[in-house]
Structure formats: structure tokens, C-alpha cells
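Values in this text are rule-based calculations from the coordinates and carry no lab data. These numbers were taken from a predicted model, which means no experiment stands behind them. All Cβ positions, even for glycine, are placed from backbone atoms using ideal geometry, and neighbour counts span all protein chains on display.
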Amino acid sequence: MAPNPTAPDPTAPDPTAPDPTKLDRILLPPGPGRLIALITGVMSLGQGLWMALNAIYAISVLHLPPGRFGLCLSISAVIVLLGSTPLGHLADRAGPRGVQFWSFLVMALLTMAMLLVHGFWPYLLVVSAQGLAYRAGRSARKAMIAGLIPSQDRVRTLAYTRSASNLGVTFGAALAGLVLAVGSRTGYQAAMVVAGCAFLATSLLTLKEHEVPPVPASAGPALAVLRDWSFLTFTVLDGLLTTQGLLLDVVLPLWVVQHTSAPRWMSAALLIVNTAFVVVAQTKSAAGTDTPARAARASFQGAGAVAAACLVFALTGSTSVVPACALLLLGALTHAFGEVRQAAGSWTLAFNLAPDHAQGQYQGTHAMGADLGRMFAPALFTWLVIGHGTGGWLALAAGFTLLGATMPLLVSRNPRLRATPTSPSVGASATA
């Protein structure tokens with residue numbers, strides 16, 4: 001029988017099937033990296049919902065005075081700071097997958113237990129335990145990335161993971177907005193349950209990840225990172241650089257209201273612009289950060305962009321409404337570019353400075369740098385900008401420039417980093 005010329009060829013590709021090349025530009029290819037990004041997105045939804053409602057829930061539902069609420073946060077921050085390195089060490093010795101599973105399971109239970117909390121001490125106990133569980137899970141996630149993802153793909157994976165995190169936080173914050181619009185006690189309590197379910201889902205999804213074997217104890221001190229002055233120096237400097245995120249969260253809302261002619265809602269618009277930019281641009285901004293030297297340059301570029309944003313923000317205090325809004329948006333975009341470049345550089349340096357057998361404790365210690373920055377930066381930045389106006393913005397621009405300049409110097413003086421071989425281009429893989 002002669003073949004039917006109109007019959008479909010069974011060997012031909014399905015024209016309605018999605019183009020895998022196009023999908024890979026949006027998602028990581030199937031494998032551990034995609035699952036890590038998914039888990040991070042689910043976790044961040046719960047975290048975004050919790051962060052947006054925690055203060056209001058504590059004050060409006062639990063009736064904690066604002067001063068006592070702030071004291072709880074300060075005490076819990078110190079507890080988490082002290083526990084960061086030991087919790088990272090736990091991920092190395094016990095295995096990061098198990099630590100991540102139990103950490104987020106505990107977070108789920110603690111978040112739901114908030115429904116039973118009454119008074120200062122129970123609230124302090126729960127939020128401190130939550131903070132420790134979150135830090136343990138975060139350190140374990142970094143150790144999972146180090147154990148499952150080849151070194152040349154780690155920055156790309158972290159870039160997608162950060163985009164997933166921003167999406168999750170955005171959805172969580174949107175749900176929080178609905179709860180706040182209703183404003184009922186039942187709505188707040190339901191939100192705590194939803195956040196707990198997100199952490200529970202994070203814990204259960206962890207079971208789908210491949211096991212990363214625990215690292216056996218080696219000779220020498222258990223917490224070797226505390227003797228690694230090169231890494232500790234990087235941790236402090238990088239932690240100071242990450243305080244740039246507080247400009248949008250803390251400083252700009254006050255600046256917009258007190259020092260510019262822009263409408264109050266511009267501060268919310270700037271946060272939306274920042275989040276959208278990070279989601280869209282984080283992966284591409286990781287291009288060219290595959291070696292320590294290139295990562296250090298990216299950190300310097302990011303710091304320079306943040307400094308430029310400070311200069312733009314300084315101009316908004318003496319303009320009319322329309323120019324002020326335009327300059328604020330320009331500054332927000334410049335700041336967002338600096339943020340994603342600095343983050344990409346930070347990831348490569350954090351992994352390359354840490355030995356493979358101790359990634360958990362090193363990544364846990366690295367997180368302490370950002371904690372230290374957040375302890376003093378809000379008060380300092382507010383004092384500089386709100387108290388001294390343009391001069392404060394200029395001081396911040398100079399400070400971020402100097403901090404960024406230390407990163408190439410740190411790499412050039414570290415023999416082990418100079419000897420790190422060039423890996424395949426992150427940028428090439430990210431745009432394939």
C-alpha cells in the first residue's frame with residue numbers, strides 16, 4: 001500500500017510540544033538544581049507570609065507592646081548569630097539532607113504553635129527556636145548545593161534559586177496583604193497555618209533530593225572556620241556589602257516621606273521594582289562570575305552600582321514631584337543591578353573560600369556577616385540619611401565603593417584563590 005502523504009510522520013517532533021531550549025532559558029534543566037529552586041520557592045512563600053505578618057500578629061493578636069516585640073527580635077537575632085557556625089557544622093557531620101528535613105519540619109510545628117502562644121517569654125522562645133531552625137536549614141541547603149551541583153554550575157543554580165526565593169516571598173507578601181485587608185484574628189491565625197504548611201511542604205520535598213553523605217571528622221579543631229582569618233575577613237566585608245538591601249527596606253521609605261515631594265506610595269513601588277528586577281535579571285547577572293577573580297570584580301561592580309544609586313537618591317530631595325519619582329525609579333533600578341551583581345560575586349567567593357569537607361560550617365559562618373550588618377546598619381543608615389540628608393547619601397556612596405574595592409584585593413592576596421582553575425563559563429551556561 002502506498003503511504004498516505006497527509007498522514008503524520010510518527011518520527012517527526014510534536015509541533016505543539018514545548019521547546020526545551022526555551023524552557024531551559026526560564027527553568028533549570030531537570031535535576032537536583034531544579035528541585036533545589038522549587039524547594040526554595042515553597043519555603044520562601046511561607047517565609048514571605050511570616051515576615052509580612054509577624055510584627056502585626058505579635059502586637060495586634062498577641063498584644064505584645066512594641067518595645068517588647070523589638071526586644072524579642074533583638075534577643076533572637078543574637079541567639080541565631082551565636083548558633084550559626086555550630087548549626088553549619090551539624091550539617092557537615094550529620095548530613096545536610098537530614099538537617100534540612102528536620103529543620104523545616106520543626107519550623108512548621110513552631111509556626112503553627114504560634115496559635116497557642118501568649119505572653120513575652122513563650123513568644124521569645126518560639127521565635128528564637130524558629131530562627132535557629134531556619135538558619136540550620138539555610139546552611140544545610142548551601143551544603144546540599146555544594147554536594148549535588150558541580151562547581152561550575154553552582155552560581156547559576158543559586159541565581160535561579162534567588163529568583164525562586166523572590167517569587168515565593170512576593171506571593172507570600174501578597175497573601176499577607178489579603179489578610180491585612182480583612183484584619184480579623186481568624187485571618188491572622190489562618191495565615192500562620194498556611195505558613196506552617198509551606199514549611200511542612202519544604203520538609204517533605206527535601207526527601208525527594210539525593211542524599212549527600214556526611215563528612216567524617218578530620219584532625220584539627222572541630223570549628224576550623226573560626227581560625228580561618230581569610231574567610232572571616234571576607235565574611236565581615238561581604239556582610240557589610242549586603243547591608244545595601246536595607247536601603248530599600250528601611251531608609252528609602254523614610255526618605256520618600258520626610259525629604260522628597262514624591263507620594264508615599266512610591267516606597268512600595270520601589271520595592272516592587274526591585275523584586276521584579278531580581279526575579280528577571282538575577283540569572284543573567286551571574287554571567288562572568290565563575291572564578292574568584294571575576295566574582296571579586298562582580299562584587300566591586302555591584303558595590304559601585306549601589307554607590308551610584310545613593311548619588312541618584314541624593315538628588316531627589318530638592319526636586320518637584322515628577323522628577324523626584326523618575327529619579328527614585330532610576331535609583332531603584334541602579335540599586336537592583338548592584339544588588340544582583342554583588343550577590344552573584346558573593347556566592348562564588350563563599351564557595352571557593354570554603355574547603356569541600358566543611359561547606360556547612362563555612363556557609364553558616366558566612367551568614368553571620370549579614371547578621372552582623374543588620375544589627376547596626378538600620379540605625380547608622382537612618383542617622384546618616386534622615387539626619388544629614390544629601391551628606392548622608394554621599395557618605396554611604398563612599399562607604400560602598402571602598403567596601404567593593406576590597407574584594408579584588410582580598411582575592412589577589414589569597415594564594416589558594418589565585419590558584420583556582422578557571423571553570424566553564426557560568427554566563428555561557430546561563431544563556432544556553
So, for the Cα atoms of the chain, Rg and Dmax in Å stand at 22.9, 89
Net length gained if the chain between Ile56 and Ala405 were fully extended (0.36 nm per residue, minus Cα distance)
121.6 nm
Per q in 0.12, 0.16 Å⁻¹, report the Debye log10 I(q)/I(0) for segment 32-206, using one uniform scatterer on each alpha carbon and no solvent.
-0.55, -0.95
Where nothing but the Cβ of Lys and Arg (+1) and of Asp and Glu (-1) is charged, how large is the charge dipole of the chain around its Cα centre, in debye to the nearest 20?
480
Choose one answer from Leu45, Leu241, Leu396: the residue with the largest mean-square fluctuation in a GNM of the chain with alpha-carbon springs under 10 Å.
Leu396
Pair Arg413, Ala398: separation of 7 Å Cα→Cβ label points (nm):
2.2
Most packed first (mean Cβ within 10 Å per residue), the peptides 344-352, 363-371 order as 344-352, 363-371
C-alpha center-to-center spacing [segment 113-153, segment 178-217] in angstrom
11
Length gained when the stretch Leu178-Arg68 is fully extended (0.36 nm per residue, less Cα-Cα span):
36.9 nm
In a Gaussian network model of the chain with springs linking alpha carbons closer than 10 Å, the residue among Ala309, Ala405, Ala195 that fluctuates most is Ala405
Enumerate the helices in the chain for which the Kyte-Doolittle hydropathy averages 0.0 or more and the C-alpha atoms extend at least 15 Å along the helix's axis, using complete DSSP H runs.
32-56, 66-94, 96-113, 120-148, 154-182, 185-206, 229-241, 266-285, 292-314, 321-353, 359-388, 390-412
Among Ile149, Ile36, Ile75, residue whose mean-square fluctuation peaks in a GNM of the chain (springs only between Cα atoms under 10 Å)
Ile75
What ranking of Ile56, Ile145 emerges when the number of other C-beta atoms within 10 Å of each C-beta is taken as an exposure proxy, fewest first?
Ile56, Ile145
Any chance you could run the full-extension gain for Arg185 through Gln152? It's 0.36 nm times the residue separation minus the Cα-Cα distance, nm to one decimal.
7.0 nm
Given points 7 Å out from each Cα along the Cα-Cβ axis, report the Ile75 to Arg264 separation in nanometres with one decimal.
3.3
Helix-only estimate, please: 222 nm mean residue ellipticity of the chain, summing -39500 (n - 2.57) across DSSP H runs of length 4 or more and dividing by its residues, to the nearest 500.
-25500 deg cm²/dmol
Using a Förster radius of 45 Å, what is the FRET efficiency between Phe171 and Leu254 based on their Cβ-Cβ separation? Nearest 0.05, please.
0.95
Spherically averaged projected area in nm², based on the convex hull that wraps the Cα atoms of segment 224-422:
10.7
Over the chain, calculate the relative contact order: mean separation of alpha carbon pairs under 8 Å at least 6 apart, over the residue count, as a percent.
24
Efficiency of FRET between Phe376 and Ala224 - r from beta-carbon atoms, R0 25 angstrom, step 0.05
0.35
